[in-house]
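The values are calculated or read from the model by the stated rules, or taken from the named source; none is laboratory data. Not measured: the values here are computed from a predicted model. Quick reminder, even Gly has a Cβ in these numbers, built from the backbone with ideal geometry, and neighbours come from all protein chains shown.
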Amino acid sequence: MFEIRIHSRGGQGGVTAARLLALAAIHDGKYATAAPFYGAERRGAPIVSFVRIDETPIRVYSQIKKPDMVVVLDASVMDVVDVLQGLKSGGKVLINSQQKKEFAGYAFCNVDLTGIALREKLVVSGSPILNTPVIGALAKMGIVSVDSAKKAIREMFTDERNVKVAEAAYQELIV
């Protein structure tokens with residue numbers, strides 16, 4: 001089983017990103033679950049979501065304490081949350097950032113998801129939407145196929161800009 005923990009802030013699309021990723025994995029013929037974890041948070045508060053992907057049915061529906069991968073949609077969350085806590089040795093890290101960040105012992109990638117969303121004017125209430133571009137970046141990392149990522153996005157959103165930002169993130173991510 002491959003387990004992913006997504007760190008974001010309320011309103012950025014982290015919960016929806018988890019749902020999109022699970023849906024894309026299902027389109028790839030795998031089993032997947034997505035679960036958010038938050039209380040009475042408001043827009044801007046740290047949020048965490050979890051995704052499990054496997055070749056066999058998944059019978060666990062809980063928080064992920066020892067993920068194989070961590071996704072950070074807002075690097076400022078790292079100032080208040082230890083996003084690497086429990087990350088398995090050799091685990092993967094994907095961060096939305098213009099600047100390259102590295103963490104010893106982990107496979108690291110970064111891409112400017114915010115810049116991609118802003119270029120396409122994919123913004124809600126003044127905040128760039130990061131859920132669809134991150135699915136493109138995760139496809140580039142081999143977590144799901146790019147075709148399944150696009151299919152999942154089109155099932156959830158009618159605005160083709162969502163597919164366009166996913167494609168841009170796929171192209172811009174250097175693995």
Item to check | PHE50 vs. criteria under 24 Å from TYR106 (Cα atoms) and of a type in the set (Phe, Trp, Tyr) | outcome: yes
Checklist entry - Any residue in the range 13-29 that is surrounded by fewer than 21 Cβ atoms within 10 Å (Cβ to Cβ) and among the small types (Gly, Ala, Ser)? => result yes
Checklist entry - Is it true that ARG5 is buried (at least 24 other Cβ atoms within 10 Å of the Cβ) and charged (D, E, K, R)? => result yes
Next on the checklist: Suppose the filter is out of contact with any Phe, Trp or Tyr (no Cβ under 9 Å at 6 or more places or on another chain) and within 25 Å of GLU172 (Cβ to Cβ); does LEU23 pass it?
Outcome noted: yes
Item to check | Residue selected from the range 96-114 under the condition closer than 15 Å to ALA17 by Cβ and polar (S, T, N, Q), by the criterion surrounded by the most Cβ atoms within 10 Å (Cβ to Cβ) | outcome: ASN96
Checklist entry - Going by the structure shown, is ILE153 within 16 Å of the chain's Cα centre (by Cα), hydrophobic (A, V, I, L, M, F, W, C) and more than 26 Å from ALA32 (Cα to Cα)? => result no
Next on the checklist: Looking at the structure I just gave you, is LYS65 in contact with a Lys or Arg (Cβ under 8 Å, 6 or more places away or on another chain), more than 20 Å from ALA166 (Cβ to Cβ) and not in a strand (DSSP E or B)?
Outcome noted: no
Item to check | Residue check for ALA32: farther than 17 Å from ILE129 by Cβ and either in contact with a strand residue (DSSP E or B) (Cβ under 6 Å, 6 or more places away or on another chain) or of a type in the set (Phe, Trp, Tyr) (or both) | outcome: yes
Next on the checklist: If VAL83 meets every condition in (1) in a strand (DSSP E or B); (2) within 25 Å of GLU102 (Cα to Cα); (3) in contact with a helix residue (DSSP H, G or I) (Cβ under 9 Å, 6 or more places away or on another chain) apart from one, which number is that one?
Outcome noted: (1)
Checklist entry - Which pairs have Cβ atoms under 7 Å, sit 6 or more apart or on different chains, and link a residue in the range 153-164 that is polar (S, T, N, Q) to one that is surrounded by 13 or more Cβ atoms within 10 Å (Cβ to Cβ) and modelled with pLDDT of 95 or more? => result ASN162/THR132; ASN162/ILE153
Next on the checklist: Suppose we keep only residues that are under 18 Å from LEU138 (Cα atoms), in contact (Cβ under 8 Å) with a residue 24 or more places away in the chain and among the small types (Gly, Ala, Ser) within the range 46-95. Which one would you say is surrounded by the fewest Cβ atoms within 10 Å (Cβ to Cβ)?
Outcome noted: ALA75
Item to check | Residues that are part of a helix (DSSP H, G or I) and more than 14 Å from the chain's Cα centre (by Cα), drawn from the range 1-41 | outcome: ILE26, HIS27
